[in-house]
Every structure is written in structure tokens, then in C-alpha cells.
1. Roughly to the nearest percent, how much of the accessible area of the chain is carbon and sulfur, given a 1.4 Å probe?
2. Can you bin region 229-305 into rounded, prolate or oblate? Criterion: square roots of the alpha carbon gyration tensor eigenvalues sorted a ≥ b ≥ c, rounded for a/c under 1.5, prolate for a/b above b/c, oblate for the rest.
3. Name the long-range amide H neighbours of Val65: under 5 Å, sequence gap of 5 or more, or other chain; modelled H, no Pro or chain starts.
4. With a 1.4 Å probe and all protein chains left in place, how much accessible area per residue does region 56-105 have, in Å²?
5. Quickly estimate the mean residue ellipticity at 222 nm for the chain, helices only: each DSSP H run with n ≥ 4 gives -39500 (n - 2.57), and the total goes over all residues, rounded to 500.
6. Amide H of Ser272 versus every other amide H placed in the peptide plane: which residues, excluding those fewer than 5 positions away on the same chain, fall under 5 Å?
7. Please identify every one of the GluC sites (Glu not before Pro) in region 47-110 that sits in a loop by DSSP and has no more than 15 other beta carbons within 10 Å of its own beta carbon.
8. Would you mind getting the accessible area per residue of region 228-305, heavy atoms of the protein chains only, 1.4 Å probe, in Å²?
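The values are calculated or read from the model by the stated rules, or taken from the named source; none is laboratory data. Note that the structure is a prediction, hence the values are computed from the model and not measured. Here Cβ is always computed from backbone atoms with ideal geometry, including for glycine, and neighbour counts include all displayed protein chains. Areas reflect the complete protein model, heavy atoms only, side chains present, ligands, DNA and RNA absent. Shrake-Rupley method; radii C 1.70, N 1.55, O 1.52, S 1.80 Å.
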Amino acid sequence: MTSQFDVARIDSAAITTEISEEIRAIVTHATEHDGTAPLSEQAVKAVSSDSDVRHLVAVDGGRIVGYAGTTPRTPGNPPMSEAVVDPEFRRRGIGRTLVERALTDGGEGARIWAHGNLDAARALAAALELSIARELLQMRRSLAGPELPDVVVPQGITLRTYRGHQDDDELLRVNNAAFAWHPEQGGWTEKDIAERRAEEWFDPAGVFLAFEEGTDTLLGFHWTKVHAAEAGEDEIGEVYIVGIDPEAQGRGLGRVLTLAGLHYLRGRALGSALLYVEADNTAATHTYSRLGFTSFHVDSAYSRS
């Protein structure tokens, strides 16, 4: 089937509420159709916020039928793109055009995510002679069993939950130290915390903080998240962020904080939990495997060979 579509760049300031809602509707439709979300949380946020993301929209008959967003290069990190096409308008060359434009606009070293690395994404990557540059593994475990180990807080550590703005400075310090290398998680500002605190899913009782006993020095944290039911899937918990100050590595805090969050999620009567980890981070994947997590799917970032 032929399709008379156009692809145009649009500035963040020009994205109206109507345009944002159209793009979000495509994301929802694609999620329901594919069984996995085509855009990350950050990419969806960028559609309706003032950001430096470069936006492309595919329009057919006055209707937005596809979208791609590209974050610019930052020190140590390449430009990253994400794209989605409405399932009703696939197999018409829209996805290929969006991907080619996004990679070209991104410049040298640009990458594009294929969430779930579905068959169609692999076929398109092969057609464009793209290769995998990075893989992000999603792991899951049931919260009904196997039984969760008890939370045993090491001596000299105080474990508590988030108390509000007073904790933000330390949260930012540890997050940015722990993820200085990370393309998405590093370099957070107060705005990043404020945006997430404003989300419907945010619960201060689900943010766990480990302090050096008797001090206000944060050593590590675990921020949990609960995803609403969608795409035929029940509510599911997430080990959203586990960050450990590099100076506090080796004290077992990652396991303690992860378990604290998992017990909290189980207390929310959730059936299972998920997490994301770099596929080549063997130490982390081993730790999560020992806690009962198994591989569920892989998100792949492709780049030109």
C-alpha cells in the first residue's frame, strides 16, 4: 500500500498540547499492539516539555502517524534517538524514513533504540546495515515466589524512606556520582527530581535511602516505581533506580536497598517486578539473578556500521 506522507522537524516550543496528545496516543496504540513500549519514559516526557530534543513527525493526510526524537550529543555520550509508527500506518516506509532522518540529524555515532528489539526492528536494522552498539536487559521476577530474603541492614547504616526536598541535594550528589558514565541517568538536576516527584506513580514510601549512621551523608538509594496496567498487562513494580556512592561500594548496600524496595512492592500486592540493567554489566546481572530475576527482553541501540 502506498502512502503520501511527509516528515518534518518541529521545535519543542511549537509542540502544542494537541500535537503532544497525538504522539502519546500513537505510543499507547503501539504499546498495546507490540506488547512493549516503543519510547522510554524520558522520550515521552520530552514530547510535552521544553527540552533540547530534536523532534520529527511523520504526517499523512493531516494526521500524525509517526514520531522520532533525538537527544543531542553530550560529553561522552552519542546522540540517541527513539521512534514509533502508528501500527495502522506501518509497512509504508514511514519507519525507515524516520530512522534514516534521525540518524542523519544526529550525526556521527548517532544511535537509535529498538525497545524489545522486535522482529520488525531487526529487519529494518538489517536493511539499513545498522549494528548493535548497546543492549539494555529487562529482567523480571515474581513477587509471590521465590520468597524474598529478609532485609538485613549492615552495622553503621541507617535505612529510611524519602522525607521530601530536604533529601534532594544528597540524592542528586549520589545519583550523579554513581551514574557519571550513564547517557540517561547521569547529570540530573533538581528539575529531574521535581518532574518525577510530580508523577502520579510517585510514592515517598517507595524511595529508600541509606545513610552513614548518625550523619546526613547519603551512601545509596533505591527509587521504586509502579507502572499502571496497560497493554493487557497487570500493574507491575520496578526497581527504578539503585544508586550507590562510588565511595561506599563494597558494603553490600545494593542488595540491601534492592530488597527493601522489593518488600515494599510486594506489600503493594503487586504480582511481579522488573528492572533494567546494561547487558554487559555481568556483576549486576549476577546480583539480580541471585535475587530471583530472569531475563525478559532486550532493548537494543543500533548505529551505522
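1. Numbers: 7270 of 14940 Å².
The C+S portion of the solvent-accessible surface of the chain is 49 percent.
2. Details: a/c = 2.09, a/b = 1.02, b/c = 2.05.
In terms of gyration-tensor shape, oblate.
3. Residues meeting the amide H criterion: Ala58, Val59, Asp60.
4. On the way: 2040 Å² over 50 residues.
In whole numbers, region 56-105 has 41 Å² accessible per residue.
5. Details: 8 runs with 90 residues, N = 305.
Taking each H run of at least 4 residues, the total per residue is -9000 deg cm²/dmol.
6. Leu143, Gly237
7. Details: sites: Glu82, Glu88, Glu100, Glu108; in loops: Glu108.
For GluC sites (Glu not before Pro) across region 47-110 that sit outside H, G, I, E and B with at most 15 neighbouring Cβ atoms in 10 Å, the list reads Glu108.
8. Working: 3750 Å² over 78 residues.
Value for region 228-305: 48 Å² per residue.
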